[in-house]
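One structure is given below, encoded as structure tokens.
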Amino acid sequence: MKARTSWDVVCKVEDLVPESGVAVWTEDGPVAVFYLPHRLPALFAVSHTDPFSGSNVLARGITGDIKGEPVVASPLYKQHFSLVTGQCLEDEDVKIETYPVLLDGDQIRLEVPVTHSETAAA
Amino acid sequence: MSKQTLIVIGNGMVGHHFLEQLTGSAAADRFDIKVFGEEKLLAYDRVHLSEYFGGSTHADLAMGTADWYAENNIDLHLNEQVTAIDRDQKTVTTSEGSYGYDELVLATGSYPFVPPIKGNEHPHCLVYRTLEDLDSIRASAQGVKTGVVVGGGLLGLEAANALKSLGLDAHVVEFAPRLMPVQLDTDGGALLRHKIEELGVQVHTEKATTEIVEGEDCRLRMNFSDDSHLETDLIVFSAGIRPQDTLARDSGLDIGERGGIVINDQCTTSDPHIHAIGECALWGGKIFGLVAPGYTMARTLASALNGDSEAAFTGADMSTKLKLLGVDVGSIGDAHGQTPGARNIRFNDEQAGHYRRMVVSEDGKTLLGAILVGDNGPYDTLLQYALNGITLPDNPETLILPESEGGAPALGPDALPETASICSCHNVTKGDICGAIDAGCSDLGSVKGETKASTGCGGCAALLKNVVDSELEKRGVEVSKDICEHFPYSRQELFHLVKVNGIRTFQTLIQEHGKGHGCDICKPAVASILATCWNEHILATDHVPLQDTNDTFMANMQKNGTYSIVPRVPGGEITPDKLIVLGEVAKEYNLYTKITGGQRVDLFGATLSELPEIWEKLIAAGFETGHAYGKSLRTVKSCVGSTWCRYGVQDSVGMAIFLEDRYKGLRSPHKIKMAVSGCTRECAEAQSKDIGVIATENGWNLYVCGNGGMRPRHADLFATDLSDEELVRTIDRVLMFYVRTADRLQRTSVWMENLEGGLEYLKEVALEDSLGIGKELEEHMESIVGTYQCEWKTAVEDPEKRKRFREFVNAPEKKDPVQQWTTERDQRRPVLETESA
């Protein structure tokens, strides 16, 4: 069965920090949204949870590129994660969740899976 | 065929090296190996013994591990002295029992010679050879202030260094008219003496001690033959070594007239089944008191036991290169010019403190020997000329003249023949290094691992690096100093680009001088450079994305994503009211509190959104940010000083607060720690800091480039008896020079060690202004001091900046769900992974 998704508004453009990330709360948990204005597309969204520590910190990592791939470096143990695929560059067995993200006027929308119970709660 | 038994008596550097050689060879299978060591400890590096007082432990100095012995099936008996050898029965008797042998190796080393002076049996008369000796010296030095070393040779000066690092006023008493009489001539000895005395070690030459009696002011008094005397609390005898040949002597082996077990070229004694190596052995009428010849003997014997009929010890080069109390000393070959017809070329710069002497052959074509004091720069080149008989250039004097006077270029690694010995400890030639590189080694580390070069005394490290770099370059391997893939520059080069071109943002820098979008390596490095150059707020929009999370949120991220907060407590002085505020705030936010090593209070467990609220309260109570998150000045630790302490001679707290207020906020390649002690007892542990200040009767002594942590290093004495103004000016210059020239994440200790010319060069720059940039460095520092702002104050007052501290930008009230807490010893702490499972 295909999971249902929704395109939720998570924040506004003014909430974003150029070349960096912010964390938003979604129905799928904490997500890190990055705004890299020197790239096209400029918006990326990945899980905010660092898989190595289990802590919600990835939006606070430094962004950049490694061999052309846009990445964020975990602020705790410094592993790099691709902002496109979620792949960890240091450990091929580790991959974090990525989310489609778009700009709608001055609003940022994120496509997140919707689970029944959470929708009900919301 | 049953195995034979090989017994090695002695577990020192040479004995251990012999075992390494043997276990790596075919003969290992032929023998059951037993080793007897008199000391309790496994073989350790005696060459670097004085580092024991610099924080090194036996484990740091150990040559091998008990596991290594076990893995190689070597039966190791430590703390078990061999008392007799029965050559007829082929047995050895120890304190524990009796053991048969087929082959016996004596690696018993030497013992320190204690001159027969009346009173030398006093309990505070000590020697300097083993770690136990060092423990005794340390115990004897407790609570006293003066120590004397008898003997001004190489080991004596090492021992003086050890006394000095224990905080004693150190004296050296030498019988000869000069220091290091074997290696140096009159002028060289005089310069060394001058330099050592400048470092606070007093030298007394031409002194023959007649007796040691009870002292008046100190424990002991030494009376000299010229009717003078010296009071001291302890005496360390370091007047040469004598071969430890008692066992051999008692069992009737041939012994030299003045001691030493006579060996032939195969290192075999007068008994064909007994062999001797190292300092106990006498070859060609000579004892070799250095480690390299001992290693060569060990290799020779291992080869001979493997049936190599050509293995032979044919003597050894006794050239030495050392740093004694920080002073370079080098002696090569025929240093005293005793070869018939030898001629001398001397260069003596009393101003710079450099003495250099070359001894050349009559025809001026070959180098026979050399002496260097003050700067070992030319040593490697000269040694290669001497060892390999390379024909000298037409104007050989250019080899020892300063370069600015049109000197010949140093003998590049290219000019060395394949047979040139690079590392004499492990007998590694340039050819071996080329072989290792051709076999796949592509950097210095792997070449060292493969060939063992530069893992003995380490004296060849610089030469090895040159050879490796040059050979790699020849093979088309680029030796990269680039900071990362985005900038083809080192941190220092980036600093120049930023400064010279007036670049103020990362974007400009990467567009004009780099490629791509940057990364977590170059961004913080550039942020630090920009901060040093222009000192703008680190949360200015352009700088925010460059910083590590700790810098961005001005707190230290902990493993669960929360932060710790460390307000500045300058000099560790805090009022009761402020302490109460810290307690109240910690209580309100349920923060775990701990006192840090830098005399302040660390508050753990604040969430991102709590940070600005907490800081608002702290700032209202008069606190400032402590920069615990930054690559910048952390704390200036202090003892209580002359205000309260009956020993203090200056106001160390006042000076610490002044220094902390001056340098707070300075952005640098790595963190900087300082301390100020109010007297020589050094309660603030200033000698383990980047900048250490110790009060004297006349002002302040400045120490620089010390380090605690993973790689401890004692700070070097930089200048003495400075006034307040001189002290601040000197620190300004040293710090600013560091900030401008160090590599990313390079502490001052490593920076200084890598600085060409090291401590001396740094002194020239900071004290003598040799580069003419003293004023510029001071002005730069002054401008940074003048533009200081408390980053937290600026941040909490600016609503835009405060927005950054929202945990979830769309749900301000949402708490991070993964943070789980428990209570331990009455405080809150995170639930550990192992507990939550």
Gaussian network model of chain A, springs between alpha carbon atoms under 10 Å - residue of A:Ile66, A:Ile108, A:Ile96 with greatest fluctuation: A:Ile66
I'd like the antiparallel share, as a percent to the nearest 5, of DSSP beta bridges with both residues in chain B. 65
Per residue Cα convex hull volume for the stretch B:487-582, in cubic angstrom? 144
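For B:Thr391 and B:Ser25 in one chain, what is 0.36 nm times their gap in residues minus the Cα-Cα distance, to one decimal in nm?
Net length gain for the segment: 127.9 nm.
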Using θ = phi - 60° and Karplus 6.51 cos²θ - 1.76 cosθ + 1.60, couplings along the stretch B:69-76 (whole Hz; Gly, Pro as x): 4, 5, 4, 9, 6, 8, 7, 9
Note down the accessible area of B:Arg681, probe 1.4 Å, to the nearest 10 Å². 130
Heavy-atom surface of the protein assembly as shown, accessible at 1.4 Å and reported per residue (Å²): 44
Can you list the HN-Hα couplings for the stretch A:81-90, worked out from phi with the Karplus curve (6.51, -1.76, 1.60; θ = phi - 60°), rounded to whole Hz and with x for Gly and Pro? 10, 5, 6, 8, 10, x, 5, 7, 6, 8
Please give the average number of partner chain Cβ atoms lying within 10 Å of the Cβ of each residue in A:35-46, rounded to a whole number. 1
Return the distance in nm (one decimal) between the two label points of a simple spin-label model at B:Asp88 and B:Arg242, each offset 7 Å from Cα along Cα→Cβ. 3.0
In debye, nearest 20, what is the charge dipole magnitude of the stretch B:207-268 about its Cα centre with +1 on Lys and Arg Cβ and -1 on Asp and Glu Cβ, if you could check? 240
Where the centre of each part is set by its Cα atoms, how far does the stretch B:126-170 sit from the stretch B:575-616, in angstrom? 45
With a point put 7 Å past each Cα toward its Cβ, work out how far B:Glu473 is from B:Glu231 in nm, to one decimal. 6.0
Over chain A, how many pairs of lysines fall under 24 Å by alpha carbon, counting only those 8 or more apart in sequence or from different chains? 4
Suppose R0 equals 60 Å. What FRET efficiency, 1/(1 + (r/R0)^6) with r the Cβ-Cβ distance, do A:Lys67 and B:Asp250 give to the nearest 0.05? 0.25
Which percent of the accessible heavy-atom area of the protein assembly as shown goes to carbon and sulfur, probe 1.4 angstrom? 48
What ranking, highest mean first, results for peptides B:395-401, B:722-728 when packing means the other Cβ atoms within 10 Å averaged over each residue? B:395-401, B:722-728
At most 16 other Cβ within 10 Å, DSSP loop - trypsin sites (Lys or Arg not before Pro), the stretch B:717-796: none
What's log10 of I(q)/I(0) for chain B at q = 0.07, 0.10 Å⁻¹, Debye sum over Cα points only, no solvent? -0.67, -1.24
Rank B:Pro181, B:Val35, B:Cys484 by how far each Cα sits towards the positive end of the charge dipole of chain B (+1 on Lys, Arg Cβ; -1 on Asp, Glu Cβ) and give me just the farthest. B:Cys484
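Calculate the all-directions average of the projected area of the stretch B:566-650's alpha-carbon convex hull, and give it in nm². The partial results should precede the final answer.
Working: hull surface 25.5 nm².
Over every viewing direction, the Cα hull of the stretch B:566-650 projects on average to 6.4 nm².
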With +1 on the Cβ of every Lys and Arg and -1 on the Cβ of every Asp and Glu, and nothing else charged, how large is the dipole of chain B about its Cα centre, in debye rounded to the nearest 20? 1880
For B:Ala811 and B:Glu211, extending 7 Å from Cα along the Cα-Cβ vector and measuring point to point gives, in nm, a value of 9.0
Relative contact order (%) - criterion: Cα under 8 Å, at least six apart; region: chain B: 7
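Using only the C-alpha atoms of the stretch B:1-109, find the volume of their convex hull and express it per residue in Å³.
Convex hull of Cα atoms, per residue: 101 Å³.
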Set Lys and Arg Cβ to +1 and Asp and Glu Cβ to -1, take the dipole of the stretch B:318-411 about its Cα centre, and tell me which of B:Gly389, B:Leu399, B:Tyr355 lies farthest positive. B:Gly389
Helical contribution to [θ] at 222 nm, DSSP H n ≥ 4, -39,500 (n - 2.57), averaged over chain B, rounded to 500: -9000 deg cm²/dmol
Tell me, what ³J(HN,Hα) does each residue in the stretch B:554-568 have, in order and in whole Hz, if you take phi through Karplus 6.51 cos²θ - 1.76 cosθ + 1.60 with θ = phi - 60° and put x for Gly and Pro? 6, 7, 9, 5, 9, 4, 9, x, 8, 10, 10, 10, 10, x, 6
Lysine pairs in the stretch B:430-588 with alpha-carbon atoms under 22 Å apart, 8 or more places apart or on different chains: how many are there? 18
For B:Arg713, what residues show an amide H to amide H distance below 5 Å, using hydrogens built from the backbone and excluding near sequence neighbours? B:Asn707, B:Gly708
Once each part is reduced to its C-alpha centroid, what is the distance from the stretch A:1-41 to the stretch B:421-453 in angstrom? 53
Going by amide H atoms built from the backbone, whose H comes under 5 Å of the H on B:Leu126, apart from near neighbours? B:Ile235, B:Val236, B:Phe237
Projected onto their principal axes, the Cα atoms of the stretch B:713-837 stretch, largest extent first, over whole-Å spans of 59, 39, 28
Rh_Kirkwood(chain A) over Cα pairs, Å, one decimal, evaluates to 14.6
Any idea what the dipole of the stretch B:250-294 comes to, in debye rounded to 20, about its Cα centre with Lys/Arg Cβ at +1 and Asp/Glu Cβ at -1? 160
Peptide B:590-596: average number of partner chain Cβ atoms within 10 Å per residue? 0
Over all directions, the average projected area of the alpha-carbon convex hull for the stretch B:585-625 comes to how many nm²? 3.0
Along the charge dipole of the protein assembly as shown, pointing to its positive end and built from +1/-1 on Cβ of Lys, Arg, Asp and Glu, which listed residue (A:Ala73, B:Gln650, B:His122) has its Cα farthest out? A:Ala73
Expected integer from the mean partner chain Cβ neighbour count at 10 Å over A:7-19 is 3
Alpha-carbon centroids, the stretch B:19-72 and the stretch B:183-237: separation in whole Å: 36
Whole-percent pair-distance distribution, where bins are 5 Å wide, for the alpha carbons of the stretch B:237-294: 4, 22, 33, 24, 11, 4, 1, 0
Considering amide H positions built from the backbone, and no H for Pro or chain starts, which residues 5 or more places from B:Gly240, or on another chain, come under 5 Å of its amide H? B:Phe113
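The values are calculated or read from the model by the stated rules, or taken from the named source; none is laboratory data. From a predicted model like this one, the values you see are computed outputs, not experimental measurements. Because the Cβ atoms are built from the backbone with ideal geometry, glycine has one as well, and the counts that use them run over all protein chains shown. Just the protein is used for accessible areas: all its heavy atoms, side chains included, with ligands, DNA and RNA removed. Shrake-Rupley method; radii C 1.70, N 1.55, O 1.52, S 1.80 Å.
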